[in-house]
Amino acid sequence: MITTDKTAKEIFHEVMQNPQRVPFGFGKKAVLINVDPQKAYTRTDLYKSAYETDPRQLEYGNELSKRFRALDWPVVWTHVAFLDSAEDAGVWGTRTDTPDSLQNIKYGSDRTAFDERCDIDRSRDVIYSKRMPSAFFETPLQSLLVWHQVDTVIITGGSTSGCVRATAVESLSRGYRTIVPEECVADKHESYHYANLTDLHLKYADVMGVQSVLGWLDEKITQKN
């Protein structure tokens, strides 16, 4: 095992500046999955479970969503919620029991509500409630992707080390080109955030600047028009 005194952030930037892998690249059609941009994880002024990395994260997510709609491509929003009994949280909900614990994000609560800054078009966007890290697990997401014949999955949200990572790994496992716009994901601590971005980029996804993703979408819109 290689040892180092460098921080996770330093290692990430070194990897990004010195590519070691051929990119998966964009395919022909994509889905945008906005993972859990709910108040429990975005409202740092309200909940201890919340976090922020890039202050413009949700703004960028909205810009991506707007372009996806212009292309008539699917936009998905997920959020975590559990029964009052928390029995559907299973063993995942047994490690702590505080007001901010995972299993205490209840259906209909403020914690499970999407952040008001999210621009959600409820007339056409797809909203899934999930109970485990991956957006694919026990949701209709796979069927949606098959129906839309997408080959590329673009992921925003949080946390980088948790639900974003789980969704990205499963996306790659299901055969999709997987893209993670760096400014569009967040975590509780920079070490977790950058260590997982590094690992995702080296193994499972293309981590890139959001402007590169927006540029690709703008090209697609131009081609469509």
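Please tell me the relative contact order of the chain in percent, rounded to the nearest whole number, where contacts are Cα pairs under 8 Å and at least six residues apart. Numbers along the way, then the final one.
Working: 393 pairs, mean separation 63.1, N = 225.
Contact order relative to length: 28 percent.
For the pair residue 219 and residue 5 in one chain, pulling the backbone fully straight at 0.36 nm per residue adds 72.9 nm over the alpha carbon distance. When the chain is treated as a GNM, springs tying every alpha-carbon pair under 10 Å, which of 196, 18, 34 comes out with the largest mean-square fluctuation? Comparing 196, 18, 34 in a Gaussian network model of the chain, the most mobile one is 18.
Counting only DSSP beta bridges with both residues in the stretch 27-224, tell me the antiparallel percent, nearest 5. Bridges in the stretch 27-224 that DSSP calls antiparallel: roughly 5 percent. Residues in the stretch 96-139, backbone N under 18 Å from the label point at residue 45 (7 Å along the Cα-to-beta-carbon vector): list them, ranges by number please. What the label zone holds, given the 18 Å backbone N cut-off, is 110-119.
Give me the number: length gained by fully extending residue 109 to residue 143, i.e. 0.36 nm times residue separation minus the C-alpha to C-alpha distance, one decimal in nm. The partial results should precede the final answer.
Details: separation 34, 0.36 × 34 = 12.24 nm, distance 2.83 nm.
So the chain would gain 9.4 nm between residue 109 and residue 143.
Comparing Cα centroids, the stretch 209-225 and the stretch 80-135 end up 32 angstrom apart. Shown here is the pair-distance distribution of the chain: with all Cα-Cα distances grouped in 10 Å bins from zero up to the longest one, the shares run 8, 34, 37, 18, 3, 0 percent. With the Cα gyration tensor of the stretch 121-225 giving a ≥ b ≥ c as the square roots of its eigenvalues, does the rule (a/c under 1.5 for rounded; else a/b larger than b/c for prolate; else oblate) give rounded, prolate or oblate? Oblate, since a/c reaches 1.5 and b/c is not below a/b. With a Cα cut-off of under 24 Å and a minimum spacing of 8 residues unless on different chains, the lysine pairs in the chain number 28.
Counting other C-beta atoms within 10 Å, which of 128, 60 has the fewest, and how do the rest follow?
128, 60
Fewest neighbouring Cβ atoms within 10 Å first, the residues 53, 167 line up as 53, 167.
None of the figures in this text is laboratory data; all of them are computed from the coordinates on show. All figures in this text were calculated on a predicted structure; none of them were measured in a lab. Because the Cβ atoms are built from the backbone with ideal geometry, glycine has one as well, and the counts that use them run over all protein chains shown.
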